[in-house]
Structure formats: C-alpha cells, structure tokens
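Visitor: Below are the structure tokens for one structure; questions will follow.
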Amino acid sequence: MSATAGPTPRRAIHPFHAAMLAGAAPLFLGALLGDYAYWTSHQVEWSNFASWLLVGGMVLASAALLCALSEALGGHYFNRVPVMPDMIVNAAARREQSHKPLQVSTA
C-alpha cells in the first residue's frame, strides 16, 4: 500500500479581511487617477480628492494588515474583543496569555 501526499487545502480568508483588501485597492487606484487629473489640469480640487482617497486606502490597508497579522499568529489568540496590545506582545514572545474568561453576572 502506498500513500501519496497531496497539497493541504488552504482556508479562505476571513470575510472582514477580504472586504478590507477589496476596499483598499479601488481607493489607491482612485488616488492614482486623481493625481493624474491634477497633473494634467493643475486644479487643487483633484489634489485634495486624491489625498482623501489615499488616506482611506491606507486606513483599509492597515486594517487588512492587522487581519493578516492576527491570522499569521494563529488566529485563535485573538478570538475575544477587544484585542489589547499585551495580547499581541505575549503571542509574539510565545508566552501564556494573561487574560481570563469574561465573568457573567447572574445577580
């Protein structure tokens, strides 16, 4: 009997991560087109519009980067809300997480 090793199936990315990636690309493209419009017409409105699009693209790209970082660190570390900076530091240092489960008040 012989066993063949095939490629391991890959998981799909989280829908929020996909939305951040899909939202950043058109904003960066719009900023590029706004810069081109400013370059050809020298109207300040195009520069302002491109600046706002660039900021929006960077915000969404930063959120996508945080999603990718969370997934790269195992994804299961950050299943509670909110994620605190000490959780990321503990995960990077491979230390035990310092949080306790949230208590439910039944009184």
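The values are calculated or read from the model by the stated rules, or taken from the named source; none is laboratory data. No experiment lies behind these values; they were computed from the predicted model shown. We place every Cβ from the backbone using ideal geometry, glycine too, and count neighbours over all the protein chains shown.
Visitor: Tell me yes or no: at least one residue of the range 52-61 is of a type in the set (Gly, Ala, Ser), surrounded by 14 or more Cβ atoms within 10 Å (Cβ to Cβ), at pLDDT 95 or above and farther than 30 Å from GLU96 by Cα.
Guide: Yes, the conditions are met somewhere in the range 52-61.
Visitor: Quickly run through the range 39-53 and pick out the residues that are within 21 Å of ALA24 (Cα to Cα) and aromatic (Phe, Trp, Tyr).
Guide: TRP46, PHE49, TRP52
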